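The values are calculated or read from the model by the stated rules, or taken from the named source; none is laboratory data. These numbers were taken from a predicted model, which means no experiment stands behind them. Cβ atoms come from the backbone with ideal geometry, glycine included; neighbour counts cover every protein chain shown. For accessibility, only protein heavy atoms count, side chains too; no ligands or nucleic acids. Shrake-Rupley method; radii C 1.70, N 1.55, O 1.52, S 1.80 Å.
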Amino acid sequence: MLREVLDALRPVDGGIYVDATFGLGGYAKGLLDSADCTVWGVDRDPSAIARGQTMAEAEAGRLRLVEGRFGELDQLLDARGTAPVDGVAFDLGVSSPQLDVAERGFSFRFDGPLDMRMGLDGPTAADVVNEVAEGELARIVRDYGEEKKARRVARAIARARGEKPIQRTGELAEIVRGAVGFSKTRAKAHEIDPATRTFQAIRIYVNDELGELERGLAAAERALKPGGRLAVVAFHSLEDRAVKQFLRARSGDVPRASRHSPDPDPADQLPEPTFRVLFRQAKKPGGDEAESNPRARSARLRAAERTAAPAWTDTQGGRA
């Protein structure tokens, strides 16, 4: 959704923008091609930063790369003396190189070590699968994968790991398929592999993706100048819901109390809106993009413009 993101951000000459999920650098390149601007590319994956060095050298100082979590993007920029920025773009989820490299362990399409770490630090997916209690594992699969048969999946994993540790993506995929009920020979072409939901759930848990998204949106709020713009592309309902709820709260789009209710306590009132939502319904990819890129079909774009109000704090309207 590069075109839609650029339309939302409206890059201008002299502007400063953040590609908060640098990956292959697609959004960064689009911004640099659209205006004589500066782009900061942020990614927690060191391999993405290493790949981007050639692009950075070719842009002669207009592209600056930073290894780090986007949940800390305002701090990363402050540490480098950057002024408030004109735009921030997020492209959530896993990148194509992470999915397509078997050794990263994100996909069951290629048998590889059960890893799934975006930043190559902390516990791996194998650690989670083999060490987390069965009940907690069921919660992870249910809440983050929206898998209806989460208890059955967790029970099957617990039974398998009792015999030997689960170390490969192929092993885990077969265990999940057996628990959910799936036959490759009988599956219809349009049916997703039932291992998909469990792999998504474990990946989200391993990388704390929803927590990082919450922190990243609040960091963008602090980093953007008045009139600056935020664009977020999400690929599944959990992400999109979190972005929608954040923007609804920050734009003041919350249910009003009945006129018959007592006057609210001033301490309970929300602070001034920090964003103006640019379009109420999430935008979807155009037909051509959805046809040519299957991964884009579930993409949803939401965007907003920063107001002059101070950024919310952790105690205002819930966690920031």
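The table for this structure:
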quantity: Charged-residue dipole, Cβ positions (Lys, Arg, Asp, Glu), the chain about Cα centre, Debye nearest 20; calculated: 1240 debye
quantity: Those residues of region 202-227 whose amide nitrogen sits under 20 Å from the label point placed on Glu136, 7 Å along Cα→Cβ; calculated: 202-212
quantity: Nonlocal amide H pairs with Ile166, under 5 Å, H built at 1.01 Å; calculated: none
quantity: Percent carbon-and-sulfur accessible area, the chain, ignoring ligands, DNA and RNA, probe 1.4 Å; calculated: 49 percent
quantity: When each of Lys29/Lys284; Lys29/Lys225; Lys225/Lys284; Lys149/Lys244 is checked by Cα-Cα distance, pairs over 24 Å; calculated: Lys225/Lys284; Lys149/Lys244
quantity: Largest-first ordering by accessible area, 1.4 Å probe, given options Lys225, Lys164; calculated: Lys164, Lys225
quantity: The chain, relative contact order [Cα under 8 Å, separation at least 6], %; calculated: 17 percent
quantity: Cα-projected label distance for Gln53 with Leu120, points at 7 Å along beta-carbon direction, nm; calculated: 1.2 nm
quantity: Solvent accessible area, Å² - Phe108, 1.4 Å probe, full protein context; calculated: 50 Å²
quantity: Option label - Rg/Rh (Cα atoms, Kirkwood Rh) computed here, alternatives (i) 0.92; (ii) 1.20; (iii) 1.00; calculated: (iii)
quantity: 1.4 Å probe accessible area per residue over the chain, in Å²; calculated: 50 Å²
quantity: Nearest-ten-degree value, helix 237-250 long axis tilted from longest Cα axis of the chain; calculated: 20 degrees
quantity: Summed residue charge, Cβ within 9 Å of Leu9's Cβ, Lys/Arg positive, Asp/Glu negative; calculated: 0
quantity: Relative contact order, percent, region 66-159 [alpha-carbon distance under 8 Å, six or more residues apart]; calculated: 12 percent
quantity: Mean-position separation - Cα centroids, region 92-124 and region 215-248, in angstrom; calculated: 25 Å
quantity: Solvent accessible area, Å² - Phe70, 1.4 Å probe, full protein context; calculated: 30 Å²
quantity: Rounded to 5, the percent of DSSP beta bridges in the chain classed as antiparallel; calculated: 40 percent
quantity: For the chain, calculated [θ]222 nm from helices alone, where every DSSP H run of n ≥ 4 adds -39500 (n - 2.57); calculated: -12500 deg cm²/dmol
quantity: Approximate spin-label separation Arg280-Thr313, in nm, with each point projected 7 Å along Cα-to-Cβ; calculated: 3.4 nm
quantity: Extension gain, Asp143 back to Asp208 (0.36 nm per residue minus Cα-Cα distance, nm); calculated: 22.1 nm
quantity: FRET efficiency estimate (nearest 0.05) - Cβ-Cβ, Leu270 to Arg168, R0 45 angstrom; calculated: 0.40
quantity: Accessible area in the full protein assembly, largest first, 1.4 Å probe, for Thr313, Thr38, Thr169; calculated: Thr313, Thr38, Thr169
quantity: Solvent exposure ordering (accessible area, 1.4 Å, most first) of Ile16, Ile202; calculated: Ile16, Ile202
quantity: Kirkwood Rh, angstrom, region 98-173 [1 / mean 1/r, Cα pairs]; calculated: 12.6 Å
quantity: On Cα atoms only, tilt of 134-145 relative to the major axis of the chain in degrees; calculated: 50 degrees
